[in-house]
1. Search segment 110-125 for residues being in contact with a helix residue (DSSP H, G or I) (Cβ under 6 Å, 6 or more places away or on another chain) and in a helix (DSSP H, G or I), and hand back the single one that is surrounded by the most Cβ atoms within 10 Å (Cβ to Cβ).
2. Can you tell me which residue is surrounded by the fewest Cβ atoms within 10 Å (Cβ to Cβ) among those in segment 186-207 that are charged (D, E, K, R) and farther than 10 Å from residue 246 by Cβ?
3. Cβ-Cβ below 6 Å, separation at least six or inter-chain, first residue in segment 42-56 and more than 12 Å from residue 205 (Cα to Cα), second polar (S, T, N, Q): which pairs?
4. If residue 131 satisfies every condition in (1) over 24 Å from residue 349 (Cα atoms); (2) charged (D, E, K, R); (3) modelled with pLDDT of 90 or more but one, which is the exception?
5. All but one of (1) surrounded by fewer than 19 Cβ atoms within 10 Å (Cβ to Cβ); (2) at negative phi hold for residue 279; which doesn't?
6. Evaluate the following for residue 250: is it assigned to a loop (DSSP other than H, G, I, E, B) and among the acidic types (Asp, Glu)?
7. Of the conditions (1) over 24 Å from residue 98 (Cα atoms); (2) of a type in the set (A, V, I, L, M, F, W, C); (3) surrounded by fewer than 24 Cβ atoms within 10 Å (Cβ to Cβ); (4) modelled with pLDDT of 95 or more, residue 166 clears all except one; give me its number.
Amino acid sequence: MGRAETIIDHRVVITGIGAISCLGCDLDTIADSLYHGRSGIVCDTERKALGFRSGLTGAIKGFEPNKYACRKTRKTMTLYTIQSYAAVLQALALSGLAPESLQNEMTGLLFGSDSSALDCYEQASLTANRKDTGILGSGYIFKAMTSNITMNLNVLLKTKGACWTISSACSSSGHAIGQGADLIRSGRQEIVICGGAQEINWQSVCGFDSLNAFSVREDKPELASRPFSHDRDGLVPSGGAAAVILESFDSAYRRGAVILGEISGYGFSSDGGNISVPDSDGLFRSMTMALKNAGMSPEQIDYICAHATSTPLGDAEEAKAINRVFTTDSPRVSSLKGMCGHELWMAGAGQVVYTTIMAMKGFTAPNINFTGPDKHSEKLNILTETDNYPPVGVICNSAGFGGTNSSLVINYAI
């Protein structure tokens with residue numbers, strides 16, 4: 001039997017989404033923020049007191065960890081892991097999946113995360129100050145691990161399939177969703193709970209601040225993040241957690257699930273160059289691969305949820321990549337980071353959640369704070385106002401340090 005005859009290619013659909021974000025802690029609040037272009041960015045006075053060049057940050061309001069995990073359970077969970085669990089519970093409720101239906105070897109967990117800074121800092125500080133490791137307890141062993149999300153969710157949900165964390169800087173959760181889709185497409189899993197998370201605290205971003213990577217528009221925080229705008233001066237760090245339930249079409253159809261969208265294609269690449277300076281060729285190859293994997297042409301894409309973080313170089317390189325893929329007419333383009341800031345390891349999964357919300361609610365969110373293009377973004381069809389036409393054929397881009405890129409093609413017309 002030839003190789004072509006043995007390839008399995010299951011369709012991969014989205015049946016649930018959830019998020020804990022600076023835009024809101026439930027889907028309706030997030031939808032309202034996206035529709036009205038409402039920013040979740042503030043200026044943190046603690047960071048300024050610590051000597052940060054920029055105190056700007058996304059801020060999650062109203063999240064109550066105690067609602068989702070008891071004291072004993074929280075012992076091994078970071079705050080962003082509890083937020084991930086909350087996002088997963090939202091997604092599962094929307095999907096209609098019963099808890100017992102997850103407890104099998106065909107259900108997996110893949111999350112994107114690339115640090116656990118606060119808990120490493122805390123255990124090191126306690127040890128240094130008190131000269132006694134005995135006071136730490138066992139919880140810090142697990143909380144300091146990058147895989148904290150998947151190890152805890154696996155225990156809480158009792159899944160028995162794939163269970164690992166992907167670390168690739170700011171493309172981590174984009175790759176988690178792409179690889180989760182590949183596991184389903186190949187027939188190795190039927191359901192994969194995917195997502196990404198990023199802690200919001202000064203300990204996790206002080207190194208970034210030292211690179212002068214952050215915007216310093218502290219007088220009006222809501223105007224600070226300006227993706228693709230000619231007057232952008234840096235990103236605003238943010239975070240939280242986002243979760244996506246991926247399922248084989250056959251599984252979703254059998255149980256009568258509402259299908260929210262389809263992961264039609266996944267592309268990846270690495271720049272093979274500088275560790276911190278992006279190259280447009282990488283994202284060009286990633287988008288091209290995703291379209292080929294989906295069996296779609298550029299003309300079938302009507303919206304790009306861009307990675308653009310509001311940095312001068314990064315936005316320019318992504319604009320160049322988009323212009324290479326879409327040589328005639330640019331689809332609508334917006335980076336939602338004007339509202340939510342750069343959610344780092346959560347960013348890729350956050351984009352999938354946000355675009356799915358837009359498809360569900362019947363609108364496409366704008367690229368806020370755009371005051372005009374530069375020479376690279378002037379060819380893009382930047383969406384500066386909310387469009388009451390939902391996304392149909394979508395590319396979600398994410399990119400990270402080390403030149404790692406992820407592109408997802410999502411079809412909402414199913």
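1. Applying the filter and picking the extreme gives 119.
2. 188
3. 44/57
4. (3)
5. With (1) surrounded by fewer than 19 Cβ atoms within 10 Å (Cβ to Cβ); (2) at negative phi applied to residue 279, the lone miss is (1).
6. For residue 250, the condition - assigned to a loop (DSSP other than H, G, I, E, B) and among the acidic types (Asp, Glu) - is not met.
7. (3)
Residue by residue, here is whether (1) modelled with pLDDT of 95 or more; (2) surrounded by 24 or more Cβ atoms within 10 Å (Cβ to Cβ); (3) more than 27 Å from residue 217 (Cβ to Cβ); (4) charged (D, E, K, R) holds:
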| site | (1), (2), (3), (4) |
| --- | --- |
| 256 | yes, no, yes, no |
| 261 | yes, yes, yes, no |
| 304 | yes, yes, no, no |
| 312 | yes, no, no, no |
| 326 | yes, no, yes, no |
| 330 | no, no, yes, no |
| 345 | yes, yes, no, no |
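The values are calculated or read from the model by the stated rules, or taken from the named source; none is laboratory data. Computed from a predicted structure; not experimentally measured. All Cβ positions, even for glycine, are placed from backbone atoms using ideal geometry, and neighbour counts span all protein chains on display.
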